[in-house]
1. Regarding the stretch 26-36, can at least one residue be identified that is touching an Asp or Glu at 6+ places or on another chain (Cβ under 7 Å) and within 14 Å of Gln16 (Cβ to Cβ)?
2. Which one of the conditions (1) modelled with pLDDT of 95 or more; (2) surrounded by 11 or more Cβ atoms within 10 Å (Cβ to Cβ) does Ala11 fail to meet, given that it meets all the rest?
3. Do you know which of the residues in the stretch 52-70 that are open to solvent by 60 Å² or more (accessible area, probe 1.4 Å) and of a type outside the set (D, E, K, R) is farthest from Phe21 (Cα to Cα)?
4. Can you tell me which residues in the stretch 18-34 are part of a helix (DSSP H, G or I) and either open to solvent by less than 70 Å² (accessible area, probe 1.4 Å) or farther than 15 Å from Arg58 by Cα (or both)?
5. Are any residues in the stretch 35-51 in contact (Cβ under 8 Å) with a residue 12 or more places away in the chain and either in a loop (DSSP other than H, G, I, E, B) or exposed (fewer than 11 other Cβ atoms within 10 Å of the Cβ) (or both), and if so, which ones?
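The values are calculated or read from the model by the stated rules, or taken from the named source; none is laboratory data. Computed from a predicted structure; not experimentally measured. Cβ placement follows ideal geometry from the backbone for every residue including glycine, while neighbour counts extend to all protein chains displayed. Just so you know, the surface numbers come from the protein's heavy atoms only, side chains and all, with ligands and any DNA or RNA stripped out. Shrake-Rupley method; radii C 1.70, N 1.55, O 1.52, S 1.80 Å.
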Amino acid sequence: MSYVIGGEIMAKKQNQRFLTFQQLMDELQIGSINTVYKMQKNGLPVISIGRLKRVDRRDLEKFLESHTVK
């Protein structure tokens, strides 16, 4: 959910440190969960607690930086 404040769109949980796979997909505009699974296979650290899976935003940023084509 987003809110418009002073002409800017502010995400409700934009500062959340741990992301669900769905939040990660929404933030990166990824349409398939399989892409997230490929990212995990290629080194994206995933925190697993029982059936819950979360991605630390800091780890995601590091992963994206290390996989950026220059």
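1. No; the residues of the stretch 26-36 include none that is touching an Asp or Glu at 6+ places or on another chain (Cβ under 7 Å) and within 14 Å of Gln16 (Cβ to Cβ).
2. (1)
3. At the first step, the residues of the stretch 52-70 found to be open to solvent by 60 Å² or more (accessible area, probe 1.4 Å) are 52-54, 58, 61-62, 64-70.
Restricting the remaining residues to those that are of a type outside the set (D, E, K, R) gives 52, 64, 66-69.
Details: Leu52: 10, Leu64: 15, Ser66: 20, His67: 19, Thr68: 20, Val69: 23 Å.
This residue is Val69.
4. Residues satisfying the conditions are Phe21, Gln22, Gln23, Leu24, Met25, Asp26, Leu28, Ile33, Asn34.
5. The answer is Asn42, Gly43, Leu44, Pro45.
Table: residues versus (1) touching a helix residue (DSSP H, G or I) at 6+ places or on another chain (Cβ under 7 Å); (2) at pLDDT below 95.
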site	(1), (2)
Val4	no, yes
Asn15	no, yes
Thr35	no, no
Gln40	no, no
Ile47	no, no
Lys53	yes, no
Glu61	no, no
Leu64	no, no
His67	no, yes
